[in-house]
Amino acid sequence: MLSNKTSAAGHAAALFTVIVWGTTFISTKVLLRAFSPLEILFLRFVLGFVMLCIINPKPFRTKSKKEEAMMALAGLTGICLYYLLENVALTYTQASNISVIVSIAPIFTGILAHFFLDGEKLKGSFIVGFFCAIAGIGLISFGGSGGVAFNPAGDLMAVAAAMIWGVYSILSRKIGSLGYDVIQTTRRTFFYGIACMIPALFFMDFHPSLGELRSGVNLFNMVYLGLGASAMCFVTWNISVRILGAVKTSIYIYMVPVITIIISIPVLGEVITPWTAAGTFLTLAGLFISEGRLARLWAGRPDPAAGPGRNLNSPEE
């Protein structure tokens, strides 16, 4: 059973993470002017790995080959494949497309958790909230700019990335249950993710011009992606998954496109349209419905299914 303070810390960690991740589409788009998708991916995670080593340099050993294999698979999926697919997809299609499509990751997480994690069962409120949030995200991305040009290659890559993130979310929950230090496990998954990228360096476009980092804009965005969105946010995300559970934490991914829209206003000079405002409301409403709280607030009473003494914020909900 989680205390209210512990639950609040988990939600705060998830919220902070998605706020930062919501701005990464803009940072990546800026860096794509000077670097290839693989160059951005490799440099940001090497920077993040170095920072994690500085924060916690203690040697780390797992207790079994199974645990080590789990962390290697987490590095392959959540670090290498997910971000490589997302970065390459951004070169084929619009950022708004990608931000919408990768937001379907919670449904894959929920389906996988239903079958592979104890106490992570889907409920009707999750499904209703999911479709409500997807409708809102659709209004933001497809109605907010007067239409979107679809590119099958980029869109399919984004769908594949969302599926892979679902796998990573399950793995990160299992890793979190092992009881190891979060920074050490994150550092280990970064190591495996970077190792999985190395073969691609020899046959994909990888000729980084470090002179481009003399530009203040490029340097800021690379450091932001490496230290903030990678090193720090993977730690806060894994903390949230450990506290709240894989399904509940992944619901916050719905907010990433909303944050992208909000940040793009001062940075890119975009204007909020009525479609965008309506979509933002629907997305946030979907978040609360999926959490099962909106219905209880409307009813003005606690959930009778919870039973006496049961914490509504527990992973078993």
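Structural remarks
- Unmet criterion (only one of (1) in contact with a helix residue (DSSP H, G or I) (Cβ under 7 Å, 6 or more places away or on another chain); (2) surrounded by fewer than 17 Cβ atoms within 10 Å (Cβ to Cβ); (3) modelled with pLDDT under 80) for G147: (1)
- Segment 191-245 - residue that is closer than 27 Å to A113 by Cβ and either charged (D, E, K, R) or touching a Pro at 6+ places or on another chain (Cβ under 6 Å) (or both) and, of those, surrounded by the fewest Cβ atoms within 10 Å (Cβ to Cβ): R242
- Flag for A89 being at pLDDT 75 or above, out of contact with any helix residue (DSSP H, G or I) (no Cβ under 9 Å at 6 or more places or on another chain) and hydrophobic (A, V, I, L, M, F, W, C): no
- Residue in segment 286-303 that is at pLDDT 50 or above and either surrounded by fewer than 16 Cβ atoms within 10 Å (Cβ to Cβ) or of a type in the set (A, V, I, L, M) (or both) present: yes
- One residue from L43, L31 being open to solvent by less than 10 Å² (accessible area, probe 1.4 Å), at pLDDT 85 or above, more than 16 Å from the chain's Cα centre (by Cα) and closer than 17 Å to L227 by Cα: L31
- Within segment 201-215, residues that are in contact (Cβ under 8 Å) with a residue 24 or more places away in the chain sit with their Cβ atoms under 9 Å from residues that are acidic (D, E), at 6+ positions apart or across chains, in these pairs: D205/E39; F206/E39; H207/E39; P208/E39; S209/E39.
- In segment 157-176, the residues that are at pLDDT below 85 reach residues that are among the hydroxyl-bearing types (S, T, Y) and not in a helix (DSSP H, G or I) with C-beta atoms within less than 9 angstrom, at least six apart or across chains, in these pairs: A158/T93.
The values are calculated or read from the model by the stated rules, or taken from the named source; none is laboratory data. Quantities reported herein were computed from a predicted structural model and do not represent experimental measurements. Quick reminder, even Gly has a Cβ in these numbers, built from the backbone with ideal geometry, and neighbours come from all protein chains shown. Side chains are part of the model used for accessible areas, which takes the heavy atoms of the whole protein and leaves out ligands, DNA and RNA. Shrake-Rupley method; radii C 1.70, N 1.55, O 1.52, S 1.80 Å.
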